[in-house]
């Protein structure tokens, strides 16, 4: 009698649990490969700017120099913690969506210059 | 909700990181892993200091674990009875007690990062069931360092793309956890087979 048949006869639950766990491992392995391939696509690397991000964060995301972005948006030097895009928009009395559009346009421009 | 929390990361800085890891180790529903990923990302672009982020995350987590352990020690069986009043919590507490009993320090270490939903319950259970503090402290600290290194590290590596970092962290930890369970069950099956063979040899 093979080992598998013996396990099936004597320890069915343990064998089924093992097979379920193995299937789950395979699932996560496939998911990891699929998401790695997905995130490696160039169009997935430039994330649209959002209010919680900082200028440094979006600059990294779009792979453009941080200082170039600062100049393009005419951002002032700030003391203290790094401001988020939402805070900068508030400081300029500008609606956030409008400012985010401006940031996106600046990023696209800088990325095209490369 | 997520974006509101994320917006606080650069503003409150390392204090927010430490506070959330502290609270998450006491089973409070705060997105500690996401905040560590984000803080790692902000550190990579120079908006936060990496050593401070890592130290705050680890210090918060270790303090939270010891607070949970102390609560368990003080509350004892009464706390356990109260925790077990809700079925979902009762299941988690039951598993925590069983794992702690079967695997001791290894259960403490792995429940920090690999099977992290069990973490807080292992803290309470360790305190309440009289698990020795000196056997708790070392695997606890090593486990939290592992947890922090994974999340802050992935946040650092995938700076500028938090969604990718969160997605990949989920897959990597899911793969490791499922792989560990598969390995454990496989070893158990091998043991069962060997015992069966010995028994049939004896009866032959």
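Test residue A:74 against the stated conditions and say whether it is farther than 19 Å from residue B:160 by Cα, surrounded by fewer than 16 Cβ atoms within 10 Å (Cβ to Cβ) and within 11 Å of another protein chain (Cβ to nearest Cβ).
no
Report whether or not residue A:14 is closer than 25 Å to residue B:114 by Cα, within 11 Å of another protein chain (Cβ to nearest Cβ) and either at pLDDT 95 or above or touching a strand residue (DSSP E or B) at 6+ places or on another chain (Cβ under 7 Å) (or both).
For residue A:14, the condition - closer than 25 Å to residue B:114 by Cα, within 11 Å of another protein chain (Cβ to nearest Cβ) and either at pLDDT 95 or above or touching a strand residue (DSSP E or B) at 6+ places or on another chain (Cβ under 7 Å) (or both) - is not met.
So which of B:24, B:33 is away from every other protein chain (no Cβ under 14 Å), farther than 21 Å from residue B:164 by Cβ, crowded, with 22+ Cβ neighbours inside 10 Å and at pLDDT 90 or above?
None of the others qualify; the one that does is B:24.
Would you please name the residue that is nearest to the chain's Cα centre (by Cα), looking only at residues in segment B:126-145 that are surrounded by fewer than 18 Cβ atoms within 10 Å (Cβ to Cβ) and closer than 20 Å to residue B:95 by Cβ?
B:135
I'd like to verify a number: residues in segment A:36-52 that are facing chain B (nearest Cβ under 8 Å) and crowded, with 18+ Cβ neighbours inside 10 Å, how many?
Qualifying residue count, segment A:36-52: 4.
Quick check on this structure: which one of B:99, B:163 is surrounded by fewer than 21 Cβ atoms within 10 Å (Cβ to Cβ) and farther than 30 Å from residue B:6 by Cα?
B:99
Give me the residue from segment B:170-204 that is over 19 Å from the mean Cα position of the chain (by Cα) and within 8 Å of another protein chain (Cβ to nearest Cβ) and, out of that set, farthest from residue A:14 (Cα to Cα).
Here the residue is B:196.
The values are calculated or read from the model by the stated rules, or taken from the named source; none is laboratory data. A quick note: this is a predicted structure, and the numbers were derived from the prediction, not measured. Quick reminder, even Gly has a Cβ in these numbers, built from the backbone with ideal geometry, and neighbours come from all protein chains shown.
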